[in-house]
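Peer 1: To start, I am sharing the structure in question, which I have written as C-alpha cells.
Quick note: the coordinates plus some simple rules give every number you see, no bench work behind them. The shown structure was predicted, so the numbers you read here are calculated from the model rather than taken from an experiment. Virtual Cβ from ideal backbone geometry, glycine too; neighbours counted across all protein chains shown.
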Amino acid sequence: METLDGYTTAQKYVPEMKARGADIVVILSHSGIQDFPRKGGEENFSYFLTRISGVDAIVTGHTHEKFPGRAFDSINGADIEKGTINGIPTVMPGCFADTLGVIKLTLQKNGGTWRRVDGTGSLIPMYDSVSRKPNFAADQVLSTDPLALRIHQAVLDYIRSPVGSEEGGAAPGANLTAPLNSFFALIRDDYSVQIINEAQIRYAQQVLVGTPYANLPILSAAAPFKAGGRQGPGYYTKVPAGPLAIKNIADLYVYTNTAVILKLSGAQIKEWLEMSAGPSRWIRILPW
C-alpha cells in the first residue's frame, strides 16, 4: 500500500481523469489553504491544488475558516471578491453547516467537450454569527413531518437529560455550583478546559486498574475548543449554574475524539511540553 499526500495524488489522477473523458474536475479537499513554500506532506495543501492543470473548482475545509474572506487577503493569487485562487473557483464554508459554499461555473461547449471559461466562489451564512439565529425559515414540509418531529423530540429529550443519572430514571444528575464559561480560555488556565482534564484522568485511572501501569502518574492534555477565534464572538462555552445536562457536555467538548493513553519517558514528556509551549509554525498574522 502506498500513501501519498493530497497534492501529489491530485497531480497523478487529474490528468488521468481528463484523459478518460472528464470535462470538468471538481476536487473535494479536506485540507486548509496556506501558500507557504511547498515541501511535501503538508496538512493544508488546498492552495497548491489550484496550480494543477485541469482542475476546475475546489471545495475545501479542515481548518474551519471561510473562503472567500478577509483572512485570505494576503494569499498569493487569491481574488476575495470573485472567490478564486489562481483563477480557480474555491470555497471553504466554515464548519458545523453554518455556511453554504456556492460555486458558479461558466461553461463553453467546443465540439463534444465542455470547458470552464469562468467561475466564482461565494458563501451564504445560514446563521447570524453572534445571535446564532437562522437567516432562513425552516422548511415547512420537514418541520411538520411526523417522523421528523418524533426524531427531533427524541434528540431534544436526550440532550436535555441530566448527566450522572440512570438512563430513563428520575434521579437527579450532577450539578454545577457556579457558571462555567470559556471566555478567557486562551489567555489563562481555565476550568472549562480543566474539567476535561479531570474527566480524562478519572477515565484513565479506571482503565488502568489491575494493569502494570496502575501506579504510574497520569498527565492529561486538553484544548480550549470553543474560544471565539475563527468561529466568531458568539463561539464560547457558557453553561449556567445548576443541573448539568448532556447538551452542556457537548458544549464543553464539541468533537467526538478518542481518548488515548500513552506510556512516555521523562525525556519524551519534556519534548512534548517544549513543543506545546513553543510558537506554532502555522501562525499567520491576519490583516484587520
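Peer 1: Helix 146-159 against the longest principal axis of the chain: what's the angle in degrees, Cα atoms only, rounded to the nearest 10?
Peer 2: For helix 146-159, the angle is close to 50 degrees.
Peer 1: Within 10 Å of each residue's Cβ, count the other Cβ atoms and sort TYR7, TYR47, TYR191 from fewest upward.
Peer 2: TYR191, TYR7, TYR47
Peer 1: Let me ask something else about it. Report relative contact order for the chain in percent, whole number only (criteria: Cα-Cα under 8 Å, sequence separation at least 6).
Peer 2: Contact order relative to length: 13 percent.
Peer 1: Fewest first, what order do LYS270, LYS226, LYS238 take by the number of other Cβ atoms within 10 Å? Let's see the in-between values first.
Peer 2: Working: LYS270 11, LYS226 19, LYS238 14.
Fewest-to-most ranking of LYS270, LYS226, LYS238: LYS270, LYS238, LYS226.
Peer 1: When ranked by the protection proxy of mean other Cβ atoms within 10 Å per residue, highest first, what sequence do the peptides 35-46, 138-149 form? Display every interim value, and only then the final one.
Peer 2: Working: 35-46: 14.6, 138-149: 10.0.
The packing order, highest mean first, is 35-46, 138-149.
Peer 1: Hey, another quick one. Just VAL55, VAL26, VAL260 to compare: in a GNM of the chain, with alpha carbon springs under 10 Å, which one fluctuates most?
Peer 2: Residue with maximal mean-square fluctuation among VAL55, VAL26, VAL260: VAL260.
Peer 1: Below 8 Å, C-alpha to C-alpha, sequence gap of six or more: please give me the relative contact order for region 174-288 in percent.
Peer 2: 32
Peer 1: Does region 174-288 classify as rounded, prolate or oblate by the C-alpha gyration tensor (a ≥ b ≥ c root eigenvalues; a/c under 1.5 gives rounded; else a/b over b/c gives prolate, otherwise oblate)?
Peer 2: Oblate, because a/c is 1.5 or more while a/b does not exceed b/c.
Peer 1: For the modelled label position 7 Å from the Cα of ASP139 along Cα-to-Cβ, which residues of region 91-130 have backbone nitrogen atoms closer than 17 Å?
Peer 2: Those under the cut-off are 97-101, 126-127.
Peer 1: Excluding same-chain residues fewer than 8 positions from LYS226, which lysines have a Cα within less than 25 Å of its Cα?
Peer 2: LYS66, LYS133, LYS238, LYS247
Peer 1: Which option, (i) 232; (ii) 125; (iii) 156, is the value of volume of the Cα convex hull per residue in Å³ that was calculated from these coordinates?
Peer 2: It is the value labelled (i).
Peer 1: What list do you get for GLU16, GLU198 if you sort them by fewest beta carbons within 10 Å?
Peer 2: Taking fewest neighbouring Cβ atoms as first place, the list is GLU16, GLU198.
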